[in-house]
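Below is one structure, written out as structure tokens, with a few remarks after it.
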Amino acid sequence: MKALVYHGAAKRALENKPKPVIKEPTDAVVKITKTTICGTDLHIMKGDVPTVTDGRILGHEGVGIVEQVGSNVSNFKVGDHVLISCITSCGKCANCKKGMYSHCENGGGWILGHTIDGTQAEYVRIPFADNSLYAIPAGADEEALVMLSDILPTGFECGVLNGQVKPGDTVAIVGSGPIGLAALLTAQFYSPAEIIMIDIDDNRLDISKKFGATKVVNNKDGKAAEKVMAMTNNKGVDVAIEALGMSVSFDVCQAIVTAGGHIANIGVHGKPVQLNMDKLWSHNITLTTRLVDTVTTPMLLKTVGSGKVQPKQLITHHFTLNEVMKAYDTFGNAMKERALKIIITNG
Ligand SMILES: [Zn+2]
Ligand SMILES: [Zn+2]
């Protein structure tokens with residue numbers, strides 16, 4: 001089968017690989033119909049994720065059709081349309097029972113396209129299929145649902161839920177890439193009074209306004225914090241969501257969080273950041289971190305089904321699996337190409 005294979009920093013190829021087979025009775029093999037590329041895949045391509053080794057098929061998002069099931073899979077059968085969660089989980093260990101699927105103690109967590117082969121291929125093997133796949137309702141828009149593998153639950157769980165966004169809140173989201181935009185879309189479940197989007201790309205800020213941002217701030221001049229303080233009568237924001245994973249964006253969050261407020265980190269940090277305890281020690285703030293658990297996926301499926309949230313707006317480009325190398329080039333040049341999420345179709 002065709003697959004996008006990682007061969008060390010900056011080296012990738014579209015190659016022929018053996019079709020995956022059932023290894024454990026709890027596995028399923030899924031024929032991928034649609035997948036996408038994540039910002040995390042770009043981190044991997046830079047060599048930032050050393051746990052990804054030479055020869056690994058990348059990708060942790062997608063939808064498909066069940067091709068084969070192990071003898072212990074009871075929730076799915078051959079031919080079922082399924083959404084693949086970016087988090088694989090047994091559903092039975094202590095962490096899974098707490099709803100912390102991201103830290104599944106039986107070898108789950110973020111493993112797809114990381115420590116086992118992923119979804120940017122014609123087929124993928126999904127361990128613990130019963131708990132790691134979701135049935136797609138008949139008639140659902142499968143392209144929109146690709147956004148539910150990772151970015152929507154990530155923006156919602158790590159940003160909105162951890163940040164405890166409430167009605168009337170002032171929320172700032174630092175970084176308006178797909179994850180920041182997913183937080184913007186799902187923050188609106190709670191009717192905050194203001195959502196301020198911060199980025200350095202005017203195109204993405206314009207898109208943010210269409211997606212419901214009430215104010216936007218371009219941080220090209222590095223003055224985002226001053227501008228947000230001026231917009232909020234020097235009070236700052238109730239919730240500052242970090243959606244970039246850099247010290248410059250984390251610093252903005254620390255500078256604008258109001259007394260009693262929340263900083264919710266989503267970004268993948270490759271380097272340490274400074275925590276300004278000299279200011280924050282007395283500020284009654286809460287700082288949260290999280291790897292997405294995808295426990296809200298069933299709820300998000302309903303909101304997408306009803307049209308309450310429309311993640312399809314995030315899709316800007318389409319490619320076939322044969323064009324996956326070009327798709328990476330486009331996504332890697334997201335600002336110039338005005339790319340948000342890219343759909344890669346198999347077949
Ligand atoms: Zn991802
Ligand atoms: Zn588990």
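Which of the aspartates and glutamates could a cross-linker span from Lys302 if the Cα-Cα distance has to be under 14 Å and same-chain partners fewer than 8 positions apart are dropped?
Leaving aside aspartates and glutamates fewer than 8 places away in the same chain, those within reach of Lys302 are Asp141, Glu142.
Mind giving me the FRET efficiency for Leu42 and Thr320? R0 is 25 Å, r the Cβ-Cβ distance, nearest 0.05 is fine.
0.80
Quick check: from the Cα gyration tensor, does the stretch 272-347 come out rounded (a/c under 1.5), prolate or oblate?
oblate
Highest mean first, how do 57-69, 143-155, 74-86 rank when packing is the count of other Cβ atoms within 10 Å averaged over residues?
Packing proxy ranking, top to bottom: 143-155, 57-69, 74-86.
So, counting K/R as plus one and D/E as minus one, what does the shell of residues with Cβ under 15 Å around Lys77 add up to?
Details: positive: Lys31; negative: Asp27, Glu67, Asp80, Asp130.
Spelling it out: positives minus negatives among the neighbours equals -3.
Please identify the chymotrypsin sites (Phe, Trp or Tyr not before Pro) of the stretch 247-347 that satisfy two criteria: DSSP loop assignment and at most 16 other Cβ atoms within 10 Å. Which are they?
Answer by residue number: Trp281.
For Lys308 and Thr289 in one chain, what is 0.36 nm times their gap in residues minus the Cα-Cα distance, to one decimal in nm?
Separation in residues times 0.36 nm, less the Cα-Cα distance, equals 4.2 nm.
By its C-alpha gyration tensor, with a ≥ b ≥ c as the square roots of the eigenvalues, how is the stretch 24-69 shaped: rounded for a/c under 1.5, else prolate for a/b larger than b/c, else oblate? Display every interim value, and only then the final one.
On the way: a/c = 3.49, a/b = 1.74, b/c = 2.00.
Oblate, because a/c is 1.5 or more while a/b does not exceed b/c.
Could you name the lysines whose alpha carbon sits less than 25 Å from that of Lys235, not counting residues in the same chain fewer than 8 places away?
Output for Lys235: Lys166, Lys209, Lys215, Lys220, Lys223, Lys227, Lys279.
Of the beta bridges DSSP finds with both residues in the stretch 217-347, what % are antiparallel, to the nearest 5?
Bridges in the stretch 217-347 that DSSP calls antiparallel: roughly 0 percent.
Grab the beta carbon distance between Asp80 and Ala9, set R0 = 25 Å, and tell me the FRET efficiency rounded to 0.05. The partial results should precede the final answer.
Details: r = 38 Å, r/R0 = 1.50.
With R0 = 25 Å, the Cβ-Cβ based efficiency is 0.10.
Taking the Cα centroid of the stretch 217-269 and of the stretch 144-209, what is the distance between the two, rounded to the nearest whole Å?
13 Å
Along Cα→Cβ, 7 Å out, is where each label goes; now give me the distance between the ones at Gln274 and Ala259 in nm to one decimal.
2.5 nm
Would you mind telling me the antiparallel percentage of the DSSP bridges in the chain, rounded to 5?
Of all bridge pairs located within the chain, approximately 50 percent are antiparallel.
Calculate what fraction, in whole %, of the accessible area of the stretch 155-229 sits on carbon and sulfur atoms when a 1.4 Å probe is rolled over the protein chains.
Values: 1370 of 2610 Å².
Carbon with sulfur: 53 percent of the solvent-accessible area.
So what are the radius of gyration and Dmax for the Cα set of the stretch 160-298, in Å?
For the stretch 160-298, the Cα radius of gyration and maximum Cα-Cα distance read 13.7, 42 Å.
Looking at the square roots a ≥ b ≥ c of the eigenvalues of the Cα gyration tensor of the stretch 1-135, which shape do they give, rounded for a/c under 1.5, prolate if a/b is larger than b/c, or oblate?
Oblate, since a/c reaches 1.5 and b/c is not below a/b.
Per residue, how much accessible surface does the stretch 149-196 expose to a 1.4 Å probe? Answer in Å², no decimals.
Computed with neighbouring chains in place, this is 22 Å² per residue.
What's the center-to-center distance, using Cα atoms, between the stretch 1-35 and the stretch 86-134 in Å?
Computed from Cα coordinates, the inter-centre distance equals 15 Å.
Taking the Cα-to-Cβ direction at Ala138 and at Ile65 and moving 7 Å from each Cα, how far apart do the two end points lie in nm?
1.6 nm
How large is the Kirkwood hydrodynamic radius of the chain, counting all unique pairs of alpha carbons, in Å? Could you put the intermediate results ahead of the total?
On the way: mean 1/r = 0.0490 Å⁻¹.
Evaluated on the chain, it is 20.4 Å.
For the stretch 56-176, how big is the tail of P(r) above 26 Å, as a whole percent of Cα pairs?
25 percent
Can you compute the FRET efficiency between Ala230 and Glu337 using 1/(1 + (r/R0)^6), with r the Cβ-Cβ distance and R0 = 45 Å? Round to the nearest 0.05.
After rounding, the FRET efficiency stands at 0.85.
With everything on Cα atoms, drop me the angle between helix 297-306 and the longest principal axis of the chain, reported from 0 to 90° to the nearest 10.
80 degrees
By average Cβ neighbour count within 10 Å, what is the ranking of 283-291, 105-113 from highest down?
Details: 283-291: 15.3, 105-113: 21.2.
Output ranking for 283-291, 105-113: 105-113, 283-291.
About its Cα centre, how strong a charge dipole does the stretch 286-347 have in debye, to the nearest 20, once Lys and Arg get +1 and Asp and Glu get -1 at the Cβ?
240 debye
Suppose the Debye formula is applied to equal point scatterers at every Cα of the stretch 99-146; what is log10 I(q)/I(0) at q = 0.32 Å⁻¹?
-1.23
The values are calculated or read from the model by the stated rules, or taken from the named source; none is laboratory data. Every value quoted in this text rests on a predicted model; they were computed, and no experiment measured them. Cβ coordinates were reconstructed from backbone atoms using ideal geometry, including for glycine residues, and neighbour counts include every protein chain displayed. The protein model used for the area step is the full one, side chains on, heavy atoms only, and it has no ligands, DNA or RNA in it. Shrake-Rupley method; radii C 1.70, N 1.55, O 1.52, S 1.80 Å.
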